[in-house]
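Below is one structure, written out as structure tokens, with a few remarks after it.
The values are calculated or read from the model by the stated rules, or taken from the named source; none is laboratory data. Fair warning: this is a prediction, and the values are worked out from it, not measured in the lab. Virtual Cβ from ideal backbone geometry, glycine too; neighbours counted across all protein chains shown. These accessible areas exclude ligands, DNA and RNA; they are computed on the full protein's heavy atoms, side chains included. Shrake-Rupley method; radii C 1.70, N 1.55, O 1.52, S 1.80 Å.
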Amino acid sequence: MQSPASYSVDSTTGLVTFTSPPPSGQAITVDFTYYFRVRFADDTAEFENFMLQLWQARQIKLQSVFL
């Protein structure tokens, strides 16, 4: 396990840069989360009120956003 001081992550591109390279043939594994910038594909959505203050949407379409 690497300490956070031994690498950096560019938050815009996700590029990981090590301060010194890992040994040749060394497997590199990661555990992290990421996100995609998206927006709603439609201006409206249909929701069903099936219980008091509980709503259900059968489908919501999202569209990737590239900056």
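Protein heavy-atom surface of the chain, 1.4 angstrom probe: 55% of the accessible area is carbon and sulfur, with nucleic acids and ligands not counted.
In the context of the full set of protein chains, the chain has a per residue accessible area of 105 Å² (1.4 Å probe). The loop-placed trypsin sites (Lys or Arg not before Pro) in the chain, going by DSSP, that have at most 15 neighbouring Cβ atoms within 10 Å of their Cβ come out as 37, 58, 61. For segment 7-67, the set of chymotrypsin sites (Phe, Trp or Tyr not before Pro) satisfying both a DSSP loop assignment and a count of at most 11 other C-beta atoms within 10 Å is given as 32, 34, 35, 36, 47, 66. Within the set (i) 3, 15, 25, 24, 19, 11, 2, 0; (ii) 4, 19, 32, 24, 12, 6, 2, 1, 0; (iii) 3, 10, 15, 14, 10, 10, 9, 9, 8, 7, 4, 1, the number that P(r) over Cα pairs in 5 Å bins from 0, in percent takes when calculated for this structure is listed as (iii).
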